[in-house]
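Some notes on the structure that comes next.
The values are calculated or read from the model by the stated rules, or taken from the named source; none is laboratory data. This structure is a prediction, so every number in the text was calculated from the model and none was measured. Heads up, the Cβs are rebuilt from the backbone with ideal geometry, glycines too, and the neighbour counts pull from every protein chain shown. Quick note on the areas: whole protein, heavy atoms, side chains included, nothing else; ligands and nucleic acids left out. Shrake-Rupley method; radii C 1.70, N 1.55, O 1.52, S 1.80 Å.
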Amino acid sequence: MTDTPSPAGHEQMRIGDADRARLADLLDDAYADGRLEAAEHQERMAEALDARTVADIAPLVRDLGPVESIVPAMDQVELGWRPGAASSPSTNLPARQPQSSPPPIVAGEQYDRIATFMGDTVRGAGQTLAVRTEISSGMGDVKIDLTSMAMAAHDVVIQINSGLGDVRILVPDGVRVIDQISHFLGDSKITGMTPVAPDAPSITLTGFMALGDLRVFGPQHKGFSKKLRRWFGHS
């Protein structure tokens, strides 16, 4: 007979890359909701990258949600399943399905500029992404919903010059994202993207970000629909 780990032993359970990804998603959502300040978000994200066990991540989510939402295997342990067993109970994680189609290519501006200082700016429904868009941000965030926008060319460029601000982009299915951003005390994260054809429309991201992060969410990201509703009011 084998023993089932006790609840006290959960703290020493090792976490994996998928668990860390769920943790990053939760922290991103908490920051977008206003439950975390920018400094808190950056500090917790840094600790999340170094997390190795449930005990490491527990302090990071204690005031945001249950640890079980990050490490579903904890629920499986309660049911008597152990890593390495022949089969495991199904989890309640939502299925990830593409939720949008490529943006249309229409006649539009060659150049556009998005500027914000100590405030947030959004671009979305009814607007067209120019052939080249420059984002200038100081202590403010920029959110772009490409799922409800057209593109002014098959291949467009977004140049980001940002200090103490984040850029969030929701990208529909069938679009290639090319990240060429340079960072100082920040990083880029592109998640939930689906495979695209070699001739798919593309968005090239260039520029420099200091003390800020770039986050690009594709249609297979588990929080894609929630972000559409929260940031842009999609039903």
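Points to keep in mind about this one:
Results for (1) of a type in the set (Asp, Glu); (2) part of a loop (DSSP other than H, G, I, E, B), shown as yes or no for each residue.
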residue	(1), (2)
Ile160	no, no
Ile169	no, no
Pro195	no, yes
Asp199	yes, yes
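- Of the residues making up segment 201-235, those that are open to solvent by 30 Å² or more (accessible area, probe 1.4 Å), in a loop (DSSP other than H, G, I, E, B) and farther than 21 Å from Glu40 by Cβ number 5.
- Lys189 being open to solvent by less than 60 Å² (accessible area, probe 1.4 Å), assigned to a helix (DSSP H, G or I) and touching a residue at least 24 places away in the same chain (Cβ under 8 Å): no
- Flag for Gly207 being on the phi > 0 side of the Ramachandran plot and over 18 Å from the mean Cα position of the chain (by Cα): yes
- Residue ID - surrounded by the most Cβ atoms within 10 Å (Cβ to Cβ), chosen from residues in segment 158-182 that are touching a Leu at 6+ places or on another chain (Cβ under 9 Å), of a type outside the set (S, T, N, Q) and farther than 19 Å from Thr116 by Cβ: Val171
- Those residues of segment 189-235 which are more than 21 Å from Leu129 (Cβ to Cβ) and at pLDDT 95 or above, in sequence order: Ala210
- Sole residue being at positive phi and assigned to a loop (DSSP other than H, G, I, E, B), chosen from Gly140, Gly126: Gly126
- Qualifying residues in segment 144-157 (those that are in contact (Cβ under 8 Å) with a residue 40 or more places away in the chain, more than 20 Å from Ala197 (Cα to Cα) and not hydroxyl-bearing (Ser, Thr, Tyr)) - the one surrounded by the fewest Cβ atoms within 10 Å (Cβ to Cβ): Met149
- Residues of segment 174-199 satisfying the condition of being aliphatic (A, V, I, L, M) and more than 25 Å from Asp25 (Cβ to Cβ): Ala197
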